[in-house]
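Q: Quick one: structure below, then a few questions.
The values are calculated or read from the model by the stated rules, or taken from the named source; none is laboratory data. Since this is a predicted model, take the numbers as computed values, not measurements. Every residue, glycine among them, receives a Cβ derived from its backbone with ideal geometry; neighbour counts consider all protein chains shown. These accessible areas exclude ligands, DNA and RNA; they are computed on the full protein's heavy atoms, side chains included. Shrake-Rupley method; radii C 1.70, N 1.55, O 1.52, S 1.80 Å.
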Amino acid sequence: ASLIAVRALELQNDPDHEGRRALAEEAMALAVEAGDPRTLAQVLKDCSFALWSPDTLTRRRTVAGELLEVAQWLRDPSLEFWASAVALHVSIESCDLDGAQAARDRAESIAQDLGQPSLRWFATVYGAGWAFMRGELSEGERLSEQALAIGTEAGEPDAMMVYGAQLGGLRYYQGRAGDMLEMMEAGVAANPGISAWRSALATKTAQDMGLT
């Protein structure tokens, strides 16, 4: 179950959506059948991200609830952090801002209590995104830079990529997309399998040309 879930997660950006979803559903079914709560929690976490797509929101909401229930039963704060992270994404997509706020606050509290650098990095990234969503651009930029520092120190391989993505969004909101074109072009070259980078580059190029 765990191996199949990881395989589905690795295919997150693969265009074969149905194949990836089939793997995720198979992994979750096997985890339930195995009857091991810790394995189930890990599989639910991985599969919630493997299933990520607008048309799977209802399914992911169910998975998020199951993950939180198992994590709390295990009394494992690390798993509760990930359950909160999944709930945060699902709540925002569902326009449930109160639920999103509660999930973000819970994830932030757990990350601070545990002091694990990787969890602190994720929590700070989420905090920056939350600030951007609320129009608090200066605070969002501060948190993005803080996240970069935490992630770099922790050895997170995606720390710079995530920072670049958040900074690109910030500069777009500020009407300064042209400042990010060189970084976006580098992001496209470094991440050819992630279509979001190409889309971001096109958007920022359009703004720089006065087309948006």
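Q: What base-10 log of the normalised intensity I(q)/I(0) is obtained for segment 173-212 from the Debye formula, alpha carbons as equal point scatterers, at q = 0.23, 0.33 Å⁻¹?
A: Results for segment 173-212 at q = 0.23, 0.33 Å⁻¹ read -0.67, -1.08.
Q: Any idea of MET209's accessible area? Nearest 10 Å², probe 1.4 Å.
A: 130 Å²
Q: Which percent of the Cα-Cα distances in segment 119-207 go past 14 Å? Show your work: numbers first, answer last.
A: On the way: 2418 of 3916 pairs.
Summing the P(r) tail past 14 Å for segment 119-207 gives 62 percent.
Q: Take the alpha-carbon centre of segment 142-175, take the same for segment 1-71, and report the distance between them in whole Å.
A: About 27 Å separates the Cα centre of segment 142-175 from the one of segment 1-71.
Q: Something else about it: How high is the relative contact order of the chain, in percent, with contacts defined as C-alpha pairs under 8 Å that are six or more residues apart?
A: Details: 247 pairs, mean separation 24.9, N = 212.
So the answer I get is 12 percent.
Q: Something else about it: How far is helix 117-133 tilted, in degrees, relative to the longest principal axis of the Cα atoms in the chain, given as a value from 0 to 90 rounded to the nearest 10?
A: Relative to the chain, helix 117-133 is tipped by roughly 60 degrees.
Q: While we're on this one: If I take the Cα coordinates of segment 1-99 and project them onto the principal axes, what are the three extents in Å, biggest first?
A: 34, 32, 17
Q: Now for a different question. Given Cβ point charges of +1 (Lys, Arg) and -1 (Asp, Glu) and nothing else, what value in debye, to the nearest 20, does the dipole of the chain about its Cα centre take?
A: Value, rounded to 20: 200 debye.
Q: Taking only the alpha carbons of the chain, what extent do you get along each of the three principal axes, in Å, biggest first?
A: Here the Cα extents, ordered largest to smallest, are 56, 39, 33 Å.
Q: Ignoring ligands, DNA and RNA, what percent of the accessible area of the chain is carbon or sulfur (1.4 Å)?
A: 54 percent
Q: Which translational diffusion coefficient, to the nearest whole µm²/s, is obtained for segment 45-154 from the Stokes-Einstein equation, given a Kirkwood hydrodynamic radius over C-alpha pairs, 20 °C and 1.002 mPa s?
A: 151 µm²/s
Q: Another question about this same structure. I need the shape label for segment 19-73. Rule: rounded when a/c is under 1.5, else prolate if a/b > b/c, else oblate, with a, b, c from the alpha carbon gyration tensor.
A: Oblate.
Q: Measuring with a 1.4 Å probe in the full set of protein chains, what accessible area per residue, in whole Å², belongs to the chain?
A: 52 Å²
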